[in-house]
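Worksheet: the structure to be examined is printed underneath.
The values are calculated or read from the model by the stated rules, or taken from the named source; none is laboratory data. Just so you know, these numbers come straight off a predicted model, no measurement behind them. As a convention, Cβ positions derive from the backbone with ideal geometry for all residues, glycine included, and neighbour counts pool all protein chains shown. SASA here: full protein model, heavy atoms, side chains in, ligands and nucleic acids out. Shrake-Rupley method; radii C 1.70, N 1.55, O 1.52, S 1.80 Å.
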Amino acid sequence: MAFLVIGIHVGAITNTTYSPLLIAIQSMAVPFFFVCSGFFLQHKTIRTEQERHTLAAYLLKILKLFILWHLAWLPIDIIFILRDNSLGLFFRNLFIEGETFFSWHLWFLHGLLVAVAVVSLLRFVKVPLPLVWLIGLLLMWLGDAGRNGLFQGMPLVTTGMIVREYDEKLVARLPLGLLCVVLGILADIHQYPLALLLMGGGMLLVVTSVRLKDRLVYSTIRTSSMLVYFLHMYFVVLLVFLYPKLPHHYSLVYIAWGVISMLTFLTAYVFIRLSKYNDFKWLRQFMG
């Protein structure tokens, strides 16, 4: 899924218009991350039986990641702030949208932070989880899947929570998930509401229909995927700096997509390897 996000951002800087089907498939990536976050959050809540403590700890964790990754992006922000004299725009985008100059990917952390904060507030006043989910659906419908934590993040996170809450009662998970994905793709192509929820929730049902034994490699894959997501924009913005007037050619976007994906994966691998040494154990803070 992280590699689909790379394709979205490479397409944006090359002004490439993908096919409607590929756009819909790419659009599935971030919603899937949101619903997975909600699924694992609810899993931990069920396991610990301490909802308030779990939600509070999760909020602090996401806030830490939001601050750390924005600090890591700050050198690039400074270049644009000085070039365009745009300090005010920087702070506005940082606090309202969660992203700054080319840090498009970091809006996810801002959206997740807002989403979980809203869920925490509603659960604090004893709103039942199914009703919280329905409120999320209403918000997504009214906000037409607006790209923020309230209209997109909260409905998707609660969808993941609902799937985990009623995990044992869900039947025909695989066919239901595939149906939701297909309907979501069709809805996205025709710009119907709730398309992202259908795609993200459907993909979660597909993935969780496969029961695998816990293995250490799964944790490594998850960490690698997260690092690919957070590191790829460094290579995207490098491409912008190197080729400010990037020539438009349809095949160019796929070459750039592949090269940036490879470089990001290698960087993530080095990142993980270095974090195992004591001198670089501080890198683990960037992995949650």
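Among the residues of region 1-13, those identified as open to solvent by 10 Å² or more (accessible area, probe 1.4 Å) and either closer than 11 Å to Ala256 by Cβ or in a helix (DSSP H, G or I) (or both) are Phe3, Leu4, Ile8, His9, Ala12, Ile13.
For region 238-270, a residue qualifies if it is modelled with pLDDT under 90 and open to solvent by less than 70 Å² (accessible area, probe 1.4 Å), and the qualifying residues are Leu239, Val240, Leu246, Ser251, Leu252, Val253, Ala256.
Hey, can you tell me all the residues within region 46-72 that are under 22 Å from His110 (Cβ atoms) and touching a residue at least 60 places away in the same chain (Cβ under 8 Å)?
In the first step, residues of region 46-72 are kept if they are under 22 Å from His110 (Cβ atoms); the result is 54-72.
Selection gives Leu55, Ala56, Leu59, Lys61, Lys64, Leu65, Leu68, Trp69, Ala72.
Considering region 92-115, the residues that are surrounded by fewer than 19 Cβ atoms within 10 Å (Cβ to Cβ) and charged (D, E, K, R) include one that is farthest from the chain's Cα centre (by Cα), namely Arg92.
How many residues, within region 46-61, are part of a helix (DSSP H, G or I) and over 22 Å from Gln152 (Cβ atoms)? Number of matching residues: 10.
Here is the figure for region 33-50: residues that are among the small types (Gly, Ala, Ser) and open to solvent by 10 Å² or more (accessible area, probe 1.4 Å) total 1. Residues in region 208-218 include at least one that is more than 13 Å from Ile272 (Cα to Cα), assigned to a loop (DSSP other than H, G, I, E, B) and modelled with pLDDT of 80 or more. Cβ-Cβ contacts under 7 Å between residues 6 or more apart (or on different chains), taken from a first residue in region 85-106 that is within 22 Å of Val228 (Cα to Cα) and free of Cβ contacts under 8 Å to residues at least 40 places away in the same chain to a second residue that is among the hydroxyl-bearing types (Ser, Thr, Tyr) and open to solvent by less than 30 Å² (accessible area, probe 1.4 Å), are listed as Leu94/Thr100.
Out of all the residues in region 62-106, which are hydroxyl-bearing (Ser, Thr, Tyr) and farther than 29 Å from Ser37 by Cβ? Walk me through it before giving the result.
We begin by selecting, within region 62-106, every residue hydroxyl-bearing (Ser, Thr, Tyr); these are 86, 100, 103.
Answer for region 62-106, where residues must be hydroxyl-bearing (Ser, Thr, Tyr) and farther than 29 Å from Ser37 by Cβ: just Ser86.
The residues on offer are Ser27, Ser37, and the sole one that is touching a residue at least 24 places away in the same chain (Cβ under 8 Å), more than 17 Å from Val163 (Cα to Cα) and among the polar types (S, T, N, Q) is Ser27. All of (1) in contact with a helix residue (DSSP H, G or I) (Cβ under 6 Å, 6 or more places away or on another chain); (2) modelled with pLDDT under 90 hold for Arg147 with one exception: (1). Scanning region 271-284 for residues that are exposed (fewer than 12 other Cβ atoms within 10 Å of the Cβ) and part of a helix (DSSP H, G or I) gives Arg273, Asn278, Asp279, Lys281, Trp282.
Looking only at region 167-193, residues that are on the phi < 0 side of the Ramachandran plot, open to solvent by 80 Å² or more (accessible area, probe 1.4 Å) and not in a helix (DSSP H, G or I) come to 3 in all. Somewhere in region 62-83, is a residue open to solvent by 40 Å² or more (accessible area, probe 1.4 Å) and under 20 Å from Met154 (Cα atoms)? Scanning region 62-83, I find at least one residue that is open to solvent by 40 Å² or more (accessible area, probe 1.4 Å) and under 20 Å from Met154 (Cα atoms), so the answer is yes.
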